[in-house]
Every structure is written in C-alpha cells, then in structure tokens.
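The values are calculated or read from the model by the stated rules, or taken from the named source; none is laboratory data. In this text, all values refer to a predicted model and were calculated from it rather than measured experimentally. Positions of Cβ are generated from backbone atoms using ideal geometry, with glycine treated the same way; all protein chains shown enter the neighbour counts.
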Amino acid sequence: MDQKDNYNKKGFDWRGIHKDTGTMYDKRGFDKKGVHNRTKSRYDLEGYNSDGFDVSGFDRDGFDLLGFDKEGYSREGFNRKGFNRNGIHKETNNKYNPDGFDLFGYNKEGFDKNGNHIETKSKFDPDGYSSEGFDSRGFDKNGIHIITWDRFDLLGFDKDGNKIAPPVEDLSKITGATPAKKKQTKEPVVKHKKTKKNFLIN
C-alpha cells in the first residue's frame, strides 16, 4: 500500500492531512496532534478535546471513558457495583447483590463483609449477636453454645449465667467433639527358637 493511503485511527496521513477534509484539520477543527485550529489548545470552543472529552474527562453526553456519568452511573443506569439509583441490583433484580449485600454494603441482618453492624458499628447487633449468630459468651438465640453444642458453656453455665453443669475438663465428652485417640500398645512378638534337626547317617 502506498504511504499516502495510510491513515492513523483519527484519519490523518503521514503528512498530517485528514482523509475527509483534505486539510490539516478534521471536521471538528483538530489537527493531527489534537490542537484545535481556533482555540490553539487541545480543547474546542465547547471545551472538548479531539477524543470528545472535557477537562474533567466527560463526553458530550456526560459519560467518562469507562461509560459512567458524574454520579457514577452507566448509560443503562447502573453504578460500578451493579446497583441503580433505586438500589436495585441488575443481576438479582432486588436490593441485594449475588453475595447478599446491598448498595451500602450490608446484608439483611445489617452486617457488612467485615462483620460490623450498621447500627452498633461493632461485631454485635443491637440484640448482642454477631454476624454468625452468637453473643459475646458464645451462645446463639436458642441458648446453644458454639463449642459445647449444648445449653451450657465450658464452665457449666447457661446463657443466663446459671450453673447447670460441672465444668468441662475433657473436651472429648462434648457432643460432636472428636474423642481423643487412645494410645495403642504393641503386643510383644513371641519369637520361636530354631531347633536343630539331627540327621541320621546310615
């Protein structure tokens, strides 16, 4: 192909002549280097450069290079996290994303990904339970302890602090715990004495 027929992505040849206008400027008045013929700068009279973006990085429709407007929403109306202005996620069609978190990063119970509650700003909700459903002493709402899986903790106290069982000393006795392995003793090996065979020679 002849050199004069080669054009860059903006339509200029090696001499700086635009293929559509036959001049050093394209239809919008920009030259090969992106300088406007009237403003003598990289922005035209309306404030847009040769790529169509203003000094803030938005095009004439108000979207940036990645397709989001100044409020962070795409042409389809969703932000980078996939939520629209009403807080509805584009994949689930409800206010929670596929991972179960809303526009602000909280799940239905009010906990974020780090386990902090939206109201208390701590690991426990207003009722005193964590994102996993246990209070500070390890009991769930039904009064079952996280370690013993019973209504008492390792010290024998229930959810209300009442002594209902002796302290747990052997964790293998706890429901669901793996019992301790017993040491296996090797049985002594009995060695048989070799007896010499006497052969009679006739």
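Things to note:
- Residue in segment 104-119 that is touching a Pro at 6+ places or on another chain (Cβ under 8 Å) and closer than 24 Å to K81 by Cβ present: yes
- Subset of segment 91-117 that is within 17 Å of the chain's Cα centre (by Cα) and farther than 30 Å from D135 by Cβ - its residue that is surrounded by the most Cβ atoms within 10 Å (Cβ to Cβ): T92
- Y73 being under 30 Å from N6 (Cβ atoms) and either surrounded by 12 or more Cβ atoms within 10 Å (Cβ to Cβ) or over 28 Å from the mean Cα position of the chain (by Cα) (or both): no
- Of the residues screened, T21 is one that is over 30 Å from G105 (Cβ atoms), of a type in the set (S, T, Y) and part of a loop (DSSP other than H, G, I, E, B).
- Test result for L103, in contact with a His (Cβ under 9 Å, 6 or more places away or on another chain), under 30 Å from K123 (Cβ atoms), modelled with pLDDT of 95 or more and among the hydrophobic types (A, V, I, L, M, F, W, C): yes
- Hits in segment 30-41 (condition: within 46 Å of the chain's Cα centre (by Cα) and more than 18 Å from K9 (Cβ to Cβ)): H36, S41
- Answer from G29, G82 - the residue that is in contact (Cβ under 8 Å) with a residue 12 or more places away in the chain and closer than 24 Å to F111 by Cβ: G82
- Residue satisfying all of: in segment 2-45; closer than 20 Å to D59 by Cα and either hydrophobic (A, V, I, L, M, F, W, C) or touching a helix residue (DSSP H, G or I) at 6+ places or on another chain (Cβ under 6 Å) (or both); surrounded by the most Cβ atoms within 10 Å (Cβ to Cβ) among these: F30
- F53 vs. criteria aromatic (F, W, Y) and under 30 Å from Y73 (Cβ atoms): yes
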